[in-house]
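Visitor: First, the structure itself, so that you have it in front of you.
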Amino acid sequence: MKIERIDIIVTCPGRNFVTVKVVTSDGVHGLGDATLNGRELAVHAYLQEHVVPCLIGRDPRNIEDIWQYLYRGAYWRRGPVTMTAIAAIDMALWDIKGKLADMPVYQLLGGKSRDGLMVYGHANGRDHAEAVDAVLKHQEEGYKAIRVQSGVPGLEKTYGVGKTQGYYEPAEKGLPPEEPWDTALYLRHTPELFRKVREAVGPDAHLLHDAHHRLTPIEAAQLGKSLEPYRLFWIEDATPAENQESFRLIRQHTTTPLAVGEVFNAIWDCNQLIREQLVDYIRATIVHAGGITHVRRIADYAAMYQVRTGFHGATDLSPVCMAAAVNFGLWVPNFGIQELMPHSPLTDAVFPHNYRFEQGYLVMDEVPGLGVEIDETLAAQYPYERAYLPVARLRDGSMWNW
Ligand code: GCO
Ligand code: MG
C-alpha cells in the first residue's frame, strides 16, 4: 500500500482551518488537522513544499517511521509550524490505520479506559454578575467543570470574554488588534469573582481559570494563594513557561493545581515541569505537539509523575483534532479533563463527526478511524481570510504577553 496523494484543504467557515487529506493506493483516506491560529499559511507552505513531496509512494502503515523521518530527518527540529505539520500527517495516518483495521483509533491505542471524557465549558461575562449567570447556565446544561473568565473593572477588554456566550473566539479578521493589560487590577478583582461564583454554584462544580500567560511567577503565586478558599480545579498558564524552573516559585506558595502547555510543541517543552512535578495538568495538544505518536509519549512520561492530561480544545482546534482528542482521551490512563468550546453549526457541517456532548462528557461510537470527515464541496465555498490573534500592551505602551 502506498501514499498516492496528499491534499491540503484550507477553509474559513467563520474561522480558518487547514486540513490534510492523505489518500492511499487502496482508496482509503485519512484526515489530519494542521491549523495553527494566525499562522495557517505557514503550515500550509511547510506541508506543500517540504513534507508532501517526501511522502508520496511511502507505506502509510509505517506511522512511526514516517514520524521519525519528518522529525529527525528534517535536521531543523521542533517549532510550532513543523510540529503542527507533522501532527497533521500523523493524525491522518492513524485515521487510515483505524479504517484499515475497521476499528476506532482508541482501540488501536489499547482500548477504552473510560466511557467518556469529562469536559470543561466556557462561562464568561463582561462583569461578575454576568459571569455568575453564565456559570449557572452551564451547570443546567450538564457541565461538571466550568472555566470562568470575567471583564475586569477599569480594563476595556479582557482575555476570555467574547462577544458571544459559551465560547471565546480570539482571532479577528485583518491585522492584530491591540488590547490593554493591567495586572494590578486583575489581581485585585479575580478573587472576588471566584468568591461570588463558588457561593452561587455550591461545592460540587469544578471551577477553572486561565491567566493566559499574563503574570510573573510571584504574581502567579499570589493569585494561586488568593484563590485557595474557592478550591479551583486549576489555574492555567499562570506565567509563560519558556523558563520551566520558574514554576518552582509558584509551587512553593500555593496548593492551587496548575495547568500549562497549550503552546508547547514537544516533550522537551515540559520535561522539567513534569519531572519535578511543577504542574498537575499538561495541555499540549495532538495538533500542535506532533500528533498522536508524540503526545502519547508526553502522556506516558507525565503518568510517571502523576501529571494528568488537560488538552487544549478551543475553537481554533478543528473537529478533526477534537475527534483525535476524543479517541486519545478514551484510552489514555492518566486522563484529567478535556477543554470543549463548541464549534459553530457551519464548522460542524464542514466537518461531520461522530463525537458528541452528553451530560458533561464527550462520547463517541465504535466507528472506524477518528470518526470525522470533511465536506470538501462546502469547505470550498469558504476561502481563507487573513486573521490574527490580538496583542497586549501595558498602560505605558510596553508590549506584554497576550
Ligand atoms: C484556551 C486558550 C485559547 C487560546 C487560543 C489561541 O485556553 O482555550 O487559551 O483561548 O488563546 O486557542 O489560539
Ligand atoms: Mg488557555
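Visitor: Looking at region 94-123, which of its residues are outside any helix (DSSP H, G or I), crowded, with 16+ Cβ neighbours inside 10 Å and either modelled with pLDDT under 95 or over 19 Å from the mean Cα position of the chain (by Cα) (or both)?
Guide: Listed by number, the residues that qualify are Met103, Pro104.
Visitor: For the structure I just gave you, tell me whether Leu317 is within 12 Å of the chain's Cα centre (by Cα), open to solvent by 10 Å² or more (accessible area, probe 1.4 Å) and in contact (Cβ under 8 Å) with a residue 60 or more places away in the chain.
Guide: Taking the combined requirement at face value, the residue does not satisfy it.
Visitor: Out of everything in region 260-290 that is among the small types (Gly, Ala, Ser) and within 12 Å of the chain's Cα centre (by Cα), what residue ends up being nearest to ligand 2 (Cβ to nearest atom)?
Guide: Applying the filter and picking the extreme gives Gly261.
Visitor: Any residue in region 234-245 that is touching a residue at least 40 places away in the same chain (Cβ under 8 Å) sitting within a Cβ distance under 7 Å of a residue that is more than 13 Å from ligand 1 (Cβ to nearest atom) and part of a loop (DSSP other than H, G, I, E, B)? List the pairs, counting only those 6 or more apart or interchain.
Guide: Note: pairs meeting the criteria are Trp234/Pro257; Trp234/Asp280.
Visitor: Before we move on, is Leu185 assigned to a helix (DSSP H, G or I), touching a Gly at 6+ places or on another chain (Cβ under 6 Å) and either assigned by TED's automatic domain parsing to the domain that holds Lys144 or within 14 Å of ligand 1 (Cβ to nearest atom) (or both)?
Guide: For Leu185, the condition - assigned to a helix (DSSP H, G or I), touching a Gly at 6+ places or on another chain (Cβ under 6 Å) and either assigned by TED's automatic domain parsing to the domain that holds Lys144 or within 14 Å of ligand 1 (Cβ to nearest atom) (or both) - is met.
Visitor: Can you pull out every residue in region 347-363 that is open to solvent by less than 50 Å² (accessible area, probe 1.4 Å) and within 18 Å of Leu317 (Cα to Cα)?
Guide: Hits for region 347-363 are Thr347, Ala349, Val350, Phe351, Asn354, Tyr355, Leu362, Val363.
Results for (1) over 21 Å from the mean Cα position of the chain (by Cα); (2) assigned to a helix (DSSP H, G or I), shown as yes or no for each residue.
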residue	(1), (2)
Ile6	yes, no
Pro13	no, no
Asp26	yes, no
Thr35	no, no
Ala42	no, yes
Cys54	yes, yes
Asp59	yes, no
Glu64	yes, yes
Thr82	no, yes
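Visitor: A further question follows. Any idea which of Ala221, Ala184, Ala205, Ala200 is over 26 Å from Asn16 (Cα atoms) and free of Cβ contacts under 8 Å to residues at least 12 places away in the same chain?
Guide: Ala184
Visitor: Another question, if that's okay. Does Thr164 qualify as being surrounded by fewer than 16 Cβ atoms within 10 Å (Cβ to Cβ), part of a loop (DSSP other than H, G, I, E, B) and assigned by TED's automatic domain parsing to the domain that holds His122?
Guide: yes
Visitor: Shifting gears a bit: Could you check how many residues of region 126-159 are under 20 Å from Ala211 (Cα atoms) and out of contact with any Gly (no Cβ under 9 Å at 6 or more places or on another chain)?
Guide: Adding up the residues that qualify gives 7.
Visitor: Out of the residues in region 377-391 that are aliphatic (A, V, I, L, M) and within 17 Å of Lys173 (Cα to Cα), state the one that is least open to solvent (accessible area, probe 1.4 Å).
Guide: Ranking the qualifying residues of region 377-391, first place goes to Ala387.
The values are calculated or read from the model by the stated rules, or taken from the named source; none is laboratory data. Owing to the predicted nature of the structure, the values given are computational and were not obtained by experimental measurement. Here the Cβ is made from the backbone with ideal geometry for all residues, glycine too, and neighbour counts use every protein chain on show. Heavy atoms of the whole protein, side chains included, go into the accessibility calculation; ligands, DNA and RNA do not. Shrake-Rupley method; radii C 1.70, N 1.55, O 1.52, S 1.80 Å.
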